[in-house]
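Accompanying notes for the structure given below.
The values are calculated or read from the model by the stated rules, or taken from the named source; none is laboratory data. Please read these numbers as outputs of a predicted model, since none were measured by experiment. Backbone-built Cβ (ideal geometry, glycine too); neighbour counts: all protein chains shown.
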Amino acid sequence: MWIIEFTQRLRSWLREGLDELYPGTALDERGDLPDAGSDDLEYPWRHHWDHLPKRSAGFGFSDRDYQAARARAEEIARLTLGDDEWARVRRIGYADLPSRRFPGVTYRLRVGRRIEVRCAPAVQPPWPQPFLCINPTYPLPEAEFFAHLYLYARDNEDELIRVAAPQPWDQALGRTF
């Protein structure tokens, strides 16, 4: 019984502290963010997410919420890439998309990882570093963000180039789970 009371007090304290630091981001009373089981429209870009630990969807997100979000993300990725391409990505671990801006350059996209910039022999890389880092503004499942990056690399490469931060090493993305 004391654990429940302690947890409730801790959540209340965190809620007050975070709402003071980031107005409108209270943990349970999340304004226009519906719960995971709702069909209501979400507006996550209206909130601050810097207070969350990496690779987390936030406080109060249950195991069931993570499972549901990841299942929806897999469906989004499958519908975005098509059945065959998504199955191929799941099997080999990446999708290669040729650059339309830089001849001989290919973007290797991997679920939950930075974009790898690959160059054909004798092709000068457009960046001094071999990886491009792009993190979502708010927490997303890895497969869903992969679908976003796929569309950017395929259809809006200029935006990808504008927001990407060249990095010397590969690592997992920070705001995906």
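Points worth noting:
- Members of segment 114-125 found to be surrounded by fewer than 14 Cβ atoms within 10 Å (Cβ to Cβ) and either at positive phi or touching a Ser or Thr at 6+ places or on another chain (Cβ under 9 Å) (or both), listed by number: 120, 122
- There is at least one residue in segment 88-104 that is surrounded by 15 or more Cβ atoms within 10 Å (Cβ to Cβ) and touching a helix residue (DSSP H, G or I) at 6+ places or on another chain (Cβ under 6 Å).
Condition check ((1) farther than 24 Å from residue 58 by Cβ; (2) part of a loop (DSSP other than H, G, I, E, B); (3) at pLDDT 95 or above) across all residues:
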site: 89; (1), (2), (3): yes, no, yes
site: 96; (1), (2), (3): yes, no, yes
site: 101; (1), (2), (3): yes, yes, yes
site: 107; (1), (2), (3): yes, no, yes
site: 118; (1), (2), (3): yes, no, yes
site: 147; (1), (2), (3): no, no, yes
site: 150; (1), (2), (3): yes, no, yes
site: 154; (1), (2), (3): yes, no, yes
site: 169; (1), (2), (3): yes, yes, yes
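- Enumeration of residues in segment 86-119 that are closer than 13 Å to residue 133 by Cα, β-branched (Val, Ile, Thr) and over 17 Å from the mean Cα position of the chain (by Cα): 117
- Counting the residues of segment 53-70 that are assigned to a helix (DSSP H, G or I) and surrounded by 12 or more Cβ atoms within 10 Å (Cβ to Cβ) gives 5.
- Whichever residue in segment 135-145 is surrounded by 13 or more Cβ atoms within 10 Å (Cβ to Cβ) and touching a helix residue (DSSP H, G or I) at 6+ places or on another chain (Cβ under 6 Å) and, among such residues, is modelled with the lowest pLDDT: 138
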